[in-house]
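Structure, as structure tokens:
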Amino acid sequence: MIKGKQSIEFECPPYVLAHACIAGQKEGEGPLGQDIDEISKDPMFGKKTWEEAESMLQKLTAEKLLTKASMKNDEIRYIFAGDLLGQLIATSYGIMDLQIPLFGVYGACSTMGETMSLASMTVAGGYARNVIALASSHFASAEKQFRFPLEYGNQRPLAATWTVTGCGAVVIGDGKNEQKKSHVRIAGVTTGKIVDYGVKDSMNMGACMAPAAAELIMQNYSDFGVKDGFYDLVITGDLGYVGKTIVLDLLEEKGIKLEDIYSDCGIEIFDQQAQDTHSGGSGCGCSAVTLCAKLLPQLESGALKRVLFVPTGALLSPTSFNEGKSVPGIAHGIILEHC
């Protein structure tokens, strides 16, 4: 099943059996609002801290997913899940009560791509029948950790993105149960490398991550011998308007023109004019919610036939930033097909 230098083409593709997403009020007011499973008007999700709020967001999304999948906890072999907080505390406390074996994953904002890649390989390799892949972010917890506390009231540059308060989750299964077989399968994955162009501006995540996204797309095209018309849509994770422009420029230099089939989850989830999110959306929840609210339903219906889903991540921490380090990026590609 090894394909090219960095990809896998599954001999027996696993299926996306169910999907669910929950998001905050701002996300609910955006273009995808009517397609998100639940919108919470309370950004605290009934808790006392932002970190506890994100944990509750994960728990509610996982429970919503199991309900939609008509599955019980003991039917899930593993969960691959992650968030943006130090030591994955949103995941640790959010998933704990489910008592399902957990692999905690950190890929920054590319985490949904990484969890889906690992879950797909686990199912395709025969190590599990059903696996959950999940990722979340919260605007306030991310701002508190990576930028400024909300009380500071700082101005945001136009290149900045708005961290999505949201969580998306999918059940990936082998599809052997005909009653639970879906119309979306994962045909293959391309695993990204860390790419560092020396960008140090933590308020311009699009510029930090765009080179990794471009290299991932080029590698996917090379590994699978992609020709024009192969994909209906290539969509990156959370580059926003700034990063999207950079990706298109980098790919055009290599002879790949994507303008007609390319978009970005950070652009899809917010209305740039009406919602004042500057360059767009970001965070683990950005690509996860866009996937579950828009991409998977369109693949299920056949409106989209084949999609390259490329969540992107900026690999920084408060420590690395304060020490003057650059911000490397990474991206992971998932090939989703209607079937």
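The set of residues from segment 305-327 being in contact (Cβ under 8 Å) with a residue 24 or more places away in the chain, over 18 Å from Cys284 (Cβ atoms) and surrounded by fewer than 14 Cβ atoms within 10 Å (Cβ to Cβ) comprises just one member, Gly324.
Can you name the helices (runs of 4 or more DSSP H) wholly within segment 29-144 that have at least 3 residues being buried (at least 18 other Cβ atoms within 10 Å of the Cβ) and acidic (Asp, Glu)? Give the steps one after another, and end with the answer.
Numbers: elements: 50-69, 89-95, 111-124.
Result: 50-69.
Considering the conditions (1) in contact with a strand residue (DSSP E or B) (Cβ under 6 Å, 6 or more places away or on another chain); (2) modelled with pLDDT of 80 or more; (3) closer than 23 Å to Ser70 by Cβ, Asp174 is excluded by exactly one of them, (1). Checking Asp232, Asp249 one by one, the residue that is touching a strand residue (DSSP E or B) at 6+ places or on another chain (Cβ under 8 Å) and of a type outside the set (A, V, I, L, M) is Asp232 and no other.
Let's see how each residue does on (1) touching a Cys at 6+ places or on another chain (Cβ under 9 Å); (2) at pLDDT 95 or above:
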position	(1), (2)
Phe230	no, yes
Ala274	no, no
Ser282	yes, no
Leu296	no, yes
Val307	no, yes
Glu323	no, no
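When Thr122 is tested against (1) modelled with pLDDT of 95 or more; (2) within 30 Å of Pro43 (Cα to Cα), only condition (2) is not met.
Residues that are among the hydrophobic types (A, V, I, L, M, F, W, C) and within 30 Å of Cys12 (Cα to Cα) within segment 319-339 comprise Ile330, Ala331, Ile334, Ile335, Leu336, Cys339, listed in sequence order. One residue stands out among those in segment 238-250 that are in contact (Cβ under 8 Å) with a residue 12 or more places away in the chain and among the charged types (D, E, K, R): the one that is farthest from Tyr262 (Cα to Cα), which is Asp238.
Six or more apart or on different chains, Cβ under 8 Å: which pairs go from a residue in segment 76-102 that's in contact (Cβ under 8 Å) with a residue 40 or more places away in the chain and acidic (Asp, Glu) to one that's part of a helix (DSSP H, G or I) and surrounded by fewer than 20 Cβ atoms within 10 Å (Cβ to Cβ)? Could you list them? Listed pairs, sorted by first residue: Asp83/Ile89.
Under 7 Å between Cβ atoms, at least 6 apart or on separate chains: pull out the pairs that start in segment 14-40 with a residue that is more than 21 Å from Gly266 (Cβ to Cβ) and end on any residue that is assigned to a helix (DSSP H, G or I) and small (Gly, Ala, Ser). So the pair list comes out as Pro14/Ser120; Pro14/Ala124; Leu17/Ala69; Ala18/Ala69. Residues that are surrounded by fewer than 17 Cβ atoms within 10 Å (Cβ to Cβ), within 18 Å of Ala108 (Cβ to Cβ) and touching a residue at least 24 places away in the same chain (Cβ under 8 Å) occur in segment 175-194; there is at least one.
May I ask you to list the residues in segment 1-28 that are in a strand (DSSP E or B) and either acidic (Asp, Glu) or at pLDDT below 95 (or both)?
Restricting attention to segment 1-28, the residues satisfying the condition of being in a strand (DSSP E or B) are 2-3, 7-9, 15-24.
Selection gives Glu9 alone.
Filter segment 215-237 down to the residues that are in contact (Cβ under 8 Å) with a residue 60 or more places away in the chain and charged (D, E, K, R), then identify the one that is nearest to Ile330 (Cα to Cα). Step through it out loud before you land on a result.
First, the residues of segment 215-237 that are in contact (Cβ under 8 Å) with a residue 60 or more places away in the chain: 215-217, 219-220, 222-224, 230-237.
Narrowing the set further to residues that are charged (D, E, K, R) leaves 215, 223, 232.
Values: Glu215: 9, Asp223: 18, Asp232: 23 Å.
That would be Glu215.
Output the residue which, of all residues in segment 31-69 that are in contact with a strand residue (DSSP E or B) (Cβ under 8 Å, 6 or more places away or on another chain) and of a type in the set (Gly, Ala, Ser), is farthest from Asp174 (Cα to Cα). Per the stated criteria, the residue is Ser40.
Output the residue which, of all residues in segment 201-240 that are buried (at least 19 other Cβ atoms within 10 Å of the Cβ), of a type outside the set (A, V, I, L, M) and within 19 Å of Ser282 (Cβ to Cβ), is nearest to the chain's Cα centre (by Cα). Ranking the candidates gives Gly237 first.
The values are calculated or read from the model by the stated rules, or taken from the named source; none is laboratory data. Here the structure is a predicted model, which is why all the values come from computation and not from measurement. Here Cβ is always computed from backbone atoms with ideal geometry, including for glycine, and neighbour counts include all displayed protein chains.
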